[in-house]
Amino acid sequence: MSILQGLRVIEIAGLGPGPFCGMLLADFGADVIVVERKDARTPLPRPEYIVNRGKRSIALDLKQPQAVDVVLRLVERADVLIEGMRPGVMERLGIAPEVCLERRPSLIYGRITGWGQHGPLSHSAGHDGNYTALSGALWYASPPGIAPVAPPTLIGDVGGGALYLAIGLLAGVLKARQSGRGQVIDAAIVDGSAHMLNLLLSALAANGAGHERGVHYFDCGPSVNTYRCSDGGWIIVSPLESQFYDELLKRIGLAGDPVFENRTAAADWPRQRAVLSETFATRTRAEWCAILEGTDACFAPVNDPAEAARHPHMAARKVFAEVDGVLQAAPAPRFSEDAPTDWRRGVPRIGEDTETILRETGYDESGVRELRSSGAI
């Protein structure tokens, strides 16, 4: 049995964090029905659209009143609705929170946006980097003097967006099952990515430090850095604690080097980084893996996704798999008793499940024909 079996989710198709959140819920057994835009073209297979794996697809033209009625009838049987439109779009479509909650008082109505449902920027366009830049989450993304650059989608769309939406939805469902009352979840990427700073803000406060880049050990200290190897591959070392730093220096032949005598003096860091760079450039990445991997030197190779999938540790945990020729990661986290659903079953075509879902919702043959002739489906 899957951990979320029995949870019914209606997802209004969108981009980025909303579909990712829906995938996360589907991975753990929720019945996620994604309402996709009706397309006159023959719906082709799309195995690369990983965020729709495990979902069911119904294709509707939400500009048609009959299609809106279909969504509201789906809502009557749902626990959760996910939407990622700009503020006001769902209201104009006739699927506003108050309309849905009237149909299903216990519904948890999840809204995911970059800027949030209110505030001076709430109606502006934006993307991952805009939200994380404004929230402060991008500030320590790169060393001083270098433009802050973060991995695309990971910090904002996924970390500060989809994952915060997921926990909000599940918390709302728990509350609704106690009280019978639903509510609206306003998941803004600026909020979530700012909240993710709290671990770092705690460390800064404990050290009595400000927020300037380049003066903190975790920010640009020589032992928290990536280094290029002789074959062009990259590695990263992160031995923040002194005993782990000692282990690193011993294993790479620099134990006792006076350059590393004062590890907390920012003035010495450039020279220390230079020595480490020179040292790591003398061997290939594979050679450094043989020397350092599995030790307490806090080391890892910087893998591309295909390399990550082949790495013995990741392979042992079965983190990656190919489904219909597309590399993708397995559901996370893991549960001791309840397995995830069969996430390898792939991605539905657009509208693949339209008629099945309509019949489950109470439409008979004539009702389906009427929807089809009206252009709603």
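Points worth noting:
- Put simply, of LEU138, LEU174, LEU170 the only residue that is modelled with pLDDT under 95 and either on the phi < 0 side of the Ramachandran plot or of a type in the set (Val, Ile, Thr) (or both) is LEU138.
- Qualifying positions in region 95-115 - in a loop (DSSP other than H, G, I, E, B), out of contact with any Asp or Glu (no Cβ under 9 Å at 6 or more places or on another chain), farther than 18 Å from ASP157 by Cα and in contact (Cβ under 8 Å) with a residue 24 or more places away in the chain: PRO105
- The single condition among (1) in a helix (DSSP H, G or I); (2) closer than 22 Å to LEU199 by Cα; (3) not hydrophobic (A, V, I, L, M, F, W, C) that SER223 does not meet is (1).
- In the set (1) surrounded by fewer than 18 Cβ atoms within 10 Å (Cβ to Cβ); (2) in contact (Cβ under 8 Å) with a residue 24 or more places away in the chain, the condition left unmet by SER202 is number (2).
- ALA78 within 24 Å of LEU371 (Cα to Cα), more than 27 Å from the chain's Cα centre (by Cα), among the small types (Gly, Ala, Ser) and crowded, with 20+ Cβ neighbours inside 10 Å: no
- Which numbered condition GLY182 misses (of (1) within 18 Å of ALA13 (Cα to Cα); (2) crowded, with 22+ Cβ neighbours inside 10 Å): (1)
- Taken over region 233-252, the criterion of being touching a residue at least 24 places away in the same chain (Cβ under 8 Å) and assigned to a loop (DSSP other than H, G, I, E, B) is satisfied by GLY233, SER238, PRO239, LEU240, ILE252.
- Out of GLY192, GLY168, GLY156, sole residue that is within 24 Å of the chain's Cα centre (by Cα), farther than 16 Å from GLY136 by Cα and in a helix (DSSP H, G or I): GLY168
- ALA67 closer than 30 Å to GLY346 by Cα, in contact with a Lys or Arg (Cβ under 7 Å, 6 or more places away or on another chain) and surrounded by 16 or more Cβ atoms within 10 Å (Cβ to Cβ): no
- All positions within region 315-329 that are under 26 Å from LEU44 (Cβ atoms), of a type outside the set (Val, Ile, Thr) and surrounded by 12 or more Cβ atoms within 10 Å (Cβ to Cβ): PHE320, ALA321, ASP324, LEU327, GLN328, ALA329
- Against the criterion of being assigned by TED's automatic domain parsing to the domain that holds GLY161 and assigned to a loop (DSSP other than H, G, I, E, B), ALA133 does not qualify.
- Any hit, region 288-306, residues being of a type in the set (Val, Ile, Thr) and buried (at least 16 other Cβ atoms within 10 Å of the Cβ): no
The values are calculated or read from the model by the stated rules, or taken from the named source; none is laboratory data. As the structure is a prediction and not an experimental result, all values here were calculated from the model. Every residue, glycine as well, gets a Cβ built from its backbone with ideal geometry; the counts of neighbours run over all protein chains shown.
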